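Shown next, in structure tokens, is the structure this report addresses.
The values are calculated or read from the model by the stated rules, or taken from the named source; none is laboratory data. Given the structure is predicted, the values throughout are model-derived calculations rather than measurements. Don't worry about glycine lacking a Cβ; one is built from the backbone with ideal geometry, like all the others, and counts go over all protein chains shown.
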Ligand SMILES: [Mn+2]
């Protein structure tokens with residue numbers, strides 16, 4: 001069994017019995033579909049090494065686990081090793097930190113690795129897509145709350161080139177931009193229809 005399959009087994013333990021928050025046509029999908037979707041995004045960018053793949057599969061395994069976070073953290077560390085653990089920890093919002101301060105850490109290369117930033121961007125886009133199917137207004141709000149990630153990507157794009165390649169950086173930037181554009185036009189449409197009904 002490859003390490004990625006081990007990560008999948010571990011993620012299925014951590015997310016045992018959980019479903020996604022936003023329903024699709026009234027149906028709540030099992031939580032595990034989400035880390036798989038994020039994995040597809042980063043593989044699509046050409047980032048498919050074992051550490052990144054395992055960290056992506058486990059990116060919510062501590063923050064959103066179905067049991068004690070300390071136990072989940074130990075399981076990730078013992079099962080996956082330090083490299084994967086370090087990425088997953090950076091993708092876990094500490095309980096006492098507010099959401100904005102946490103998102104700000106992705107603009108600071110001394111606080112988050114390039115690996116964590118790339119997974120965070122893919123995660124945000126996947127969540128945005130999920131919310132779109134359920135509540136467009138919420139999806140826009142959700143994306144706008146993460147404008148700091150847009151700044152982070154602009155400031156740290158060179159790191160992505162250095163870590164992987166120019167093509168990977170370009171793929172990340174293009175996908176991110178297209179989601180931002182989609183969000184911009186949706187925000188505009190929503191403001192027009194709100195003005196029309198006011
Ligand atoms: Mn996630």
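A single entry from 130, 158, 123, 95 fulfils the requirement of being assigned to a helix (DSSP H, G or I) and either at pLDDT below 95 or touching a strand residue (DSSP E or B) at 6+ places or on another chain (Cβ under 7 Å) (or both): 130.
Among the residues of the range 1-18, those that are without any contact (Cβ under 8 Å) to a residue 40 or more places away in the chain and either surrounded by fewer than 14 Cβ atoms within 10 Å (Cβ to Cβ) or over 19 Å from the mean Cα position of the chain (by Cα) (or both) comprise 1, 5, 9. Inside the range 64-91, residues that are at pLDDT 95 or above and in contact with a helix residue (DSSP H, G or I) (Cβ under 8 Å, 6 or more places away or on another chain) make up a count of 15.
For the range 44-83, the set of residues classified as within 16 Å of the ligand (Cβ to nearest atom) and outside any loop (DSSP other than H, G, I, E, B) consists of 52, 53, 54, 55, 56, 57, 69, 72, 76, listed by residue number. Would you check which residues across the range 25-34 are more than 15 Å from the ligand (Cβ to nearest atom) and either in a loop (DSSP other than H, G, I, E, B) or modelled with pLDDT of 95 or more (or both) and list them? The answer is 25, 26, 28. Scan the range 161-175 for residues that are crowded, with 19+ Cβ neighbours inside 10 Å and either closer than 17 Å to residue 123 by Cα or touching a strand residue (DSSP E or B) at 6+ places or on another chain (Cβ under 9 Å) (or both) and jot them down. Within the range 161-175, 169, 171, 172 meet the criteria.
Take the conditions more than 16 Å from the ligand (Cβ to nearest atom), under 23 Å from residue 39 (Cβ atoms), in a helix (DSSP H, G or I) and over 13 Å from the mean Cα position of the chain (by Cα) and apply them to residue 86. Does it pass? When the stated conditions are applied, residue 86 passes them. Just one of the listed residues (110, 105) is farther than 22 Å from residue 185 by Cβ, surrounded by 19 or more Cβ atoms within 10 Å (Cβ to Cβ) and away from the ligand (no atom under 14 Å from the Cβ), and it is 105. For residue 37, the test of being on the phi < 0 side of the Ramachandran plot, within 11 Å of the ligand (Cβ to nearest atom), modelled with pLDDT of 95 or more and in a helix (DSSP H, G or I) is passed.
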